[in-house]
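The values are calculated or read from the model by the stated rules, or taken from the named source; none is laboratory data. It should be emphasised that the depicted structure is a prediction, and the values quoted were computed from it without experimental measurement. With ideal geometry, Cβ positions are generated from the backbone for all residues, glycine too; neighbour counts draw on all protein chains shown.
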Amino acid sequence: MKIRPRHLLALSLATGPALAADPFDLDALIQAARQEGPITVYAPSGKIVETAQQFSQRYGVQAAGLKINGAAQMEKLLREYRAGNIQGDVVLTGDPTAAVAQLIPLGVVTSWLPPDLAGQIPPQAQNPLLVYGDPTVWTYNTQVYAHCPIDNVWALTEPTWQRRVTLQDPLTKAAYLDWFNQLEQHHDGEMAAAYQAYYGKPFDASQGSATQAWVTALAKNAPLPTDSDGAASEAVGAPGQAAPFMGLISTAKYRDVASGKLHLGICAGIRPFVGISTPAYGLIATKTKSPNTARLLLHYLMTEEGIRNQTVDGKISGNASVPPHPQEASGIHPLLPQLLQYQADSALADFDSRQRWADLWQLNFRR
């Protein structure tokens, strides 16, 4: 069943073990958590296993991490909620749009903002609580090109780049369908301005939105859809190529640059955006039996200590005071203003528009 609320409501945790009393006191929260049973956190990255272990050692509680991707997260959380058998107490969303459009309105999960960190977390990252943003950026092969060979995404629709653009398949990566809708909903003016900058004439609005025209043209240009960022990064950055691909790739793949396995560089300054940042929201199961431990874990994840094994891969903490990881390889931080940031207020529209964008892509895609 799909719920279409007029707005998102802050939901309280279900009845169960008592929460540490307000006003917020971190020491009191720690003591309350130590009286509770173990928790499990679901996340799209396997690094959550290490994070949960470090958290357990840090606070003297029991937590386990489990890597589960977006669609599987949704299914498990819904089934556990309906059965009253909660296995996943905290989730870092692998499908943020579905979580905001369905799980929160249905009361399956709720967002919680650590009060003592609220001043360090921008308002747009507070509800739902943004644990980190995961950047995916337009990337070129630095062994072949001294700088990015394009400065505008409309160039990727031209014959020069036919069969030479790669990205994860939008038909299997829902975040890209959401990205198309976010562009159209919030940034179609920038897409039209980029069109005019590239072609030297205004975009013809009789074609529909500029975003729709770009997605259509990109699909017709026979891009290479992959099943992973790893495959896309190989097509772009593998050494010894004469005519490498351009690609949309996670900054996590830049860790292979230092070893010489890949040659990757971010297309800084490309119009209208250098890439996209997919949010991982931290949400608590409303029926958890360990609400204090769940809150303590979210508090930990919003600190430099708790998120550092993710920031090393280029992920951006929702806590603005957390600095870049000194060993992060892509150099994404100076380019953050050029990243398309996800806006949760249109999550329901994004979710409802997925089929429209999937149909558009499939109808126009050339092999």
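Please determine, by comparing only the residues of the stretch 310-333 that are of a type in the set (S, T, N, Q) and surrounded by 17 or more Cβ atoms within 10 Å (Cβ to Cβ), which one is nearest to THR40 (Cα to Cα).
Among those that are of a type in the set (S, T, N, Q) and surrounded by 17 or more Cβ atoms within 10 Å (Cβ to Cβ), it is GLN310.
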*Restricted to the stretch 292-309, and to residues that are within 20 Å of PRO123 (Cα to Cα) and crowded, with 16+ Cβ neighbours inside 10 Å, which residue is farthest from the chain's Cα centre (by Cα)?*
ARG295
*Does THR226 meet the test of being over 23 Å from GLN338 (Cβ atoms), surrounded by fewer than 19 Cβ atoms within 10 Å (Cβ to Cβ), in contact (Cβ under 8 Å) with a residue 12 or more places away in the chain and within 20 Å of the chain's Cα centre (by Cα)?*
no
*asked:* Cβ contacts < 7 Å: first residue more than 22 Å from ALA155 (Cβ to Cβ) and not assigned by TED's automatic domain parsing to the domain that holds PRO96, restricted to the stretch 166-178; second residue in a helix (DSSP H, G or I) and modelled with pLDDT under 95, any location; separation 6+ or different chain. Result?
replied: ALA174/GLY70
*When the stretch 188-218 is examined, which residues are found to be touching a Ser or Thr at 6+ places or on another chain (Cβ under 8 Å) and closer than 27 Å to TYR281 by Cβ?*
ASP188, MET191
*Those residues of the stretch 39-60 which are among the hydroxyl-bearing types (Ser, Thr, Tyr) and free of Cβ contacts under 8 Å to residues at least 60 places away in the same chain, in sequence order*: THR40, TYR42, SER56
*Quick check, is LEU283 among the hydrophobic types (A, V, I, L, M, F, W, C), under 22 Å from the mean Cα position of the chain (by Cα) and farther than 21 Å from ILE48 by Cα?*
no
